[in-house]
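For reference, the structure discussed in these notes is given below.
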Amino acid sequence: VLASLPLQMMLYFNVYYFPVWFLAEGMMLQLKYHLLPWHYQFLLVAAFLILSLAEGSRLYLGYVGNLQEK
């Protein structure tokens with residue numbers, strides 16, 4: 001079984017687009033953070049961190065799994 005070329009291409013481009021998303025989302029969160037109630041502040045920061053960690057681990061595991069044919 002060979003590695004999937006379309007999957008590898010999608011992972012490759014996603015690795016470059018993820019930092020752009022991360023910076024844009026982080027800047028928007030910073031701009032509106034002080035305007036929100038405390039419970040929305042907590043929820044937005046928690047969601048941002050969880051999504052960032054999940055996306056980073058998804059990209060890593062996708063690279064490792066696809067290249068090692070797992």
Notebook entry, point to check: Looking at the stretch 11-70, which GluC sites (Glu not before Pro) are in a loop (DSSP not H, G, I, E or B) and have at most 14 other Cβ atoms within 10 Å?
Noted result: 69
Note to self: For the chain, take the longest principal axis of its alpha carbons; what is the angle in degrees between that and the long axis of helix 5-33, to the nearest 10 within 0 to 90?
What the structure shows: 10
Check: Out of these labelled values of Cα extents along the principal axes in Å, (1) 33, 27, 18; (2) 52, 18, 11; (3) 41, 29, 19, which was calculated from the coordinates shown here?
Finding: (2)
Next item on the list: Please report the relative contact order for the chain, taking Cα pairs under 8 Å with a sequence separation of at least 6, and give it as a percent rounded to a whole number.
Entry: 67
Margin query: On C-alpha positions alone, give me the angle between the axis of helix 38-67 and the longest principal axis of the chain, in degrees, nearest 10.
Written below: 10
Notebook entry, point to check: For the chain, with every protein chain kept in place, what is the accessible area per residue (1.4 Å probe, Å²)?
Noted result: 83
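Rounded to the nearest 500 deg cm²/dmol, what is the calculated helix-only ellipticity per residue at 222 nm for the chain, with -39500 (n - 2.57) per DSSP H run of length n ≥ 4?
Value at 222 nm, helices only: -30500 deg cm²/dmol.
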Check: Expressed as a whole percentage, what fraction of the accessible surface of the stretch 5-69 belongs to carbon and sulfur atoms when a 1.4 Å probe is rolled over the protein heavy atoms?
Finding: 78
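The values are calculated or read from the model by the stated rules, or taken from the named source; none is laboratory data. It should be emphasised that the depicted structure is a prediction, and the values quoted were computed from it without experimental measurement. Positions of Cβ are generated from backbone atoms using ideal geometry, with glycine treated the same way; all protein chains shown enter the neighbour counts. Calculation scope for accessible area: heavy atoms of the full protein, side chains included, ligands and nucleic acids excluded. Shrake-Rupley method; radii C 1.70, N 1.55, O 1.52, S 1.80 Å.
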